[in-house]
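This report refers to the structure that appears directly beneath it.
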Amino acid sequence: MARNEPIRDQRRRDLIQATVAVIARHGYAGTTVSRVAKKAGVSVGLVNFHFQSKERLVRETFRHLSAEYDLVWRQNLATVADEPPARLDVMVRTYFDPRIFTREKLPVWFTFWSDAELRDRYRAASLRVERRYLHEVEAEIARLLGDGEDVAAQDKTERAGKITAALSAMIDGFWLQFMLHPANFDRRAAIETCLGYLRQQVPVP
């Protein structure tokens, strides 16, 4: 049985990747086990063997994307020193990391956030994912405000929160632009725009 585990895990990953592609193309309502099976090049029975239902397949897809995002975030941050400017730079770039920022994965994230059939089931979990990283961004901005200015703790926290909220809205806007106009989207320009905004708002040594 142990010898079959790598094959089983790979098959599940393949089916999840097929689900991402199908949701990106057809939305949640148009996603069926049959379409996932066809995309993966396997039988419907094999999909049901691994995931039992469409709901479970979608749930595991959400978990996979969340775990992948967290892995990329941690890996990227592990490459820089514990200094706010360097960490903020990496955090912003991670939002546009090619492993996350793709034509298939972004529509799936938006589906979990906005689809009427999924919203109630995944809204809280999606918000937890988003807030986890925004909290880290806000903490680094607060560190910069504290290092560069004589700012009261409460004022520093409030200002860091406002800057982070505006940055988040900017990133969300770029994600939406990429979904609507992928051929014309300039990833580097988007990153530099976000970093330029941060430089205007916080003192960077």
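Bear in mind these aren't lab numbers, they're just calculated from the coordinates by the rules spelled out. Model, not experiment: these values are computed from the prediction. Note that each Cβ is placed from the backbone with ideal geometry, even for glycine, and that neighbours are counted across all protein chains shown.
Taking Leu46 as the residue in question, decide whether it is more than 29 Å from Leu176 (Cα to Cα), surrounded by fewer than 19 Cβ atoms within 10 Å (Cβ to Cβ), in contact (Cβ under 8 Å) with a residue 12 or more places away in the chain and in contact with a helix residue (DSSP H, G or I) (Cβ under 9 Å, 6 or more places away or on another chain). Full working, then the answer.
Numbers: more than 29 Å from Leu176 (Cα to Cα): yes; surrounded by fewer than 19 Cβ atoms within 10 Å (Cβ to Cβ): yes; in contact (Cβ under 8 Å) with a residue 12 or more places away in the chain: yes; in contact with a helix residue (DSSP H, G or I) (Cβ under 9 Å, 6 or more places away or on another chain): yes.
Here the answer is yes, as Leu46 does meet what is asked.
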Checklist outcome for this item: When the range 82-99 is checked residue by residue, the ones that are assigned to a loop (DSSP other than H, G, I, E, B) and buried (at least 18 other Cβ atoms within 10 Å of the Cβ) are Phe96
Checklist outcome for this item: The condition of being within 19 Å of Thr111 (Cα to Cα), among the hydroxyl-bearing types (Ser, Thr, Tyr) and touching a residue at least 24 places away in the same chain (Cβ under 8 Å) holds, among Thr32, Thr19, only for Thr19
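Please enumerate the residues belonging to the range 64-81 that are surrounded by 14 or more Cβ atoms within 10 Å (Cβ to Cβ) and more than 12 Å from the chain's Cα centre (by Cα).
Of the range 64-81, the ones surrounded by 14 or more Cβ atoms within 10 Å (Cβ to Cβ) are 64-66, 68-69, 72-73, 76-77, 80.
Matches in the range 64-81: Asn76, Leu77, Val80.
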Checklist entry - Does the range 119-130 include one or more residues that are within 25 Å of Glu192 (Cα to Cα) and either assigned to a helix (DSSP H, G or I) or not basic (Lys, Arg) (or both)? => result yes
